[in-house]
1. Can you sort 287, 173 by how many other beta carbons sit within 10 Å, fewest first?
2. Considering the Cα positions of the chain, please state its Rg to one decimal place and its Dmax as a whole number of Å.
3. For the range 271-390, what number results from the quotient of the Cα radius of gyration and 2.2 N^0.38 Å?
4. Using alpha carbons only, how many degrees (0 to 90, rounded to 10) separate the axis of helix 258-282 from the longest principal axis of the chain?
5. Which ordering of 302, 109, 270 is given by a fewest-first count of other beta-carbon atoms within 10 Å?
6. GNM on the chain, C-alpha springs below 10 Å: top fluctuator among 149, 198, 160?
7. Between 345, 41, 334, where does the largest GNM mean-square fluctuation fall for the chain, given springs only between Cα atoms within less than 10 Å?
8. What angle, in degrees between 0 and 90 and rounded to the nearest 10, separates the Cα long axis of helix 94-105 from the longest principal axis of the Cα atoms of the chain?
Ligand code: GLA
């Protein structure tokens, strides 16, 4: 008989000899459309994924920090006082960096045992970083006996990224992860710093969503991202608006600098595409959604210039097969998101793999997303929830 994998609670007990007092499940996210809009007050349309980070924790009597993560089998033991030292030398890095950031942010005094299990691919543009921050934040907040308030957690997760890890990122990731809802997408409005659930029930129409990890390193992601943030700020400055959400398509075309014009054009039209996607999905017009995916990719590639030859080829091949596809997240490598008829999945994966093999590229990885998952949640039973992949 195949052996059942021990639950996170059992694994915690085995490792630390005590039951955990708090367990949270924090999913990854994929953005369906609306990329590079959030830092200009724009719109985005993410869903939470069935792939996630689970965090279990318990306070200790002493001031030791124990962290075990199944990703890379990291096993960290250190005195809590070392964390304060680490925080002084920001930007923080690695798993210990995340814990040190939260420890400092929540003004911790105590030692802690943490166990972290993940099914979410790292560095693939699926927001493993915000997923980890939110999971650790939720557990460490609860262990202090404080209420876990979503809005607070979202703001704190942004601080972890921006102030402690030195990564500039917008509201999209923490909002998507904290507020995700099964079978719905979240229409993120970065101007209001909030989101509204909108139906995105592709499964009911015989479609499946795929994340195709191109397995290309996102080496330029940080510097390229920061440059785009500056370019769009410059464009809104020239246009005399606080952000590009408040610019019109016509005004953008009057920008004389061709680079700023192209960047601003992407943002303004991408916001429109998000609204059109919400309307099309609501009306069950999936052919329209696919066309909007292709248009978004073209804009990210040509006007915003955050694609790569591998991503362009991938989306091109998928389009030939009639599969709606676009790069997702920050770009500069990472993943594409694709919407295909459910019975087409196997054939799509086979043909795309063949293309990659012909080119001599590292083969892509396919993650199936049968339905949008629920967002950040407390785990109370040992049973893995149905919408979660263990
Ligand atoms: C990264 C950032 C997000 C967003 C996307 C691009 O994922 O963390 O805030 O800007 O890139 O849409």
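Every read-out reported here was derived from the displayed coordinates using simple, explicitly stated rules and does not represent laboratory data. Just so it is clear, the structure is predicted and the values come from calculations on it, not from any experiment. Heads up, the Cβs are rebuilt from the backbone with ideal geometry, glycines too, and the neighbour counts pull from every protein chain shown.
1. Values: 287 10, 173 29.
Final ranking by Cβ density, sparse to dense: 287, 173.
2. Radius of gyration, then largest Cα-Cα span, for the chain: 21.1, 69 Å.
3. Numbers: Rg = 16.2 Å, N = 120, 2.2 N^0.38 = 13.6 Å.
Dividing the Cα radius of gyration by 2.2 N^0.38 Å gives 1.19.
4. That works out to roughly 80 degrees.
5. Working: 302 13, 109 10, 270 26.
With the fewest neighbours first, 302, 109, 270 line up as 109, 302, 270.
6. Checking each option, the largest mean-square fluctuation is seen for 149.
7. Highest fluctuation of the listed residues: 345.
8. 80
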